[in-house]
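Shown next, in structure tokens, is the structure this report addresses.
What follows draws every value from the coordinates through simple rules; no lab data is involved. Everything numeric in this text was worked out from a predicted model, so none of it was measured.
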Amino acid sequence: MSDALPLLVKAKAVEVLVVDHQRHSEDHGQEPGADIARHLARHGVNVEVTTLVIRRKDVGGLLLSQAAAFGADLLVMGAYGHTS
């Protein structure tokens, strides 16, 4: 995330996407995505958090469709680890 920060600061809008936070709710705190959103906002990023629950294993397809729906031209991954 820090490597992409110079690009994110220049973006019109940034969406933080949290997927299936209920599966590991103890890892996300009371407001999933809030910590990273506050961090980005402190740096001047116009950020919003979206949480989604999926019923299938195609997380890659979900990321691509959500990026298209948001109108994203850049996808940054790796802010947090994930389980397989």
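Subtract the Cα-Cα distance of Asp35 and Ala13 from 0.36 nm times their separation in residues, and report this length gain in nm to one decimal. Let's see the in-between values first.
Working: separation 22, 0.36 × 22 = 7.92 nm, distance 1.73 nm.
Residue separation times 0.36 nm, minus the Cα-Cα distance, leaves 6.2 nm.
Taking 0.36 nm per residue of separation and subtracting the Cα-Cα distance, what length does fully extending Ala67 through Thr51 add? Write out the running numbers ahead of the final one.
Values: separation 16, 0.36 × 16 = 5.76 nm, distance 1.34 nm.
Extending this stretch completely gives an extra 4.4 nm.
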